[in-house]
Amino acid sequence: MPGVRVLGPTGPEICRCPRSAALAGDGKGSDPHKMLRATGQYMGLGMTWALSVLLFLGVGGWLDSRLGTTPILMILGVFVGAGAGFYSLYYHIVIEPREGGHEPK
């Protein structure tokens, strides 16, 4: 089996493990598709949090420009967006898996 070039502690070296294990970054041979799926899921959750903060920041800034209350509503929007983003993270990481285990068969 041909080896895969990896960066070892002393520099580039050839790994004699299966290609999927070398690409996954561990020697246990874990499934890289599962790792990529989980990575994508958590990146999506992070993007959800960031976009909720930016959305509420924008809405607060827009309302500030209309009402002349600069920067009160923009700051309030950041906190509301962060709270909504954290609730979404908490729901998807803690509550949803807990409820998923109790589904009727």
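Worth pointing out:
Table: residues versus (1) assigned by TED's automatic domain parsing to the domain that holds Tyr90; (2) modelled with pLDDT under 70; (3) touching a His at 6+ places or on another chain (Cβ under 7 Å).
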position	(1), (2), (3)
Arg5	no, yes, no
Gly8	no, yes, no
Met35	yes, no, no
Thr39	yes, no, no
Leu45	yes, no, yes
Leu51	yes, no, no
Phe56	yes, no, no
Val59	yes, no, no
Arg66	yes, no, no
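- Odd one out for Ala22, checked against (1) modelled with pLDDT under 95; (2) of a type in the set (A, V, I, L, M); (3) surrounded by fewer than 16 Cβ atoms within 10 Å (Cβ to Cβ): (3)
The values are calculated or read from the model by the stated rules, or taken from the named source; none is laboratory data. Bear in mind the structure is a predicted one, so any value in this text is a computation, not a measurement. With ideal geometry, Cβ positions are generated from the backbone for all residues, glycine too; neighbour counts draw on all protein chains shown.
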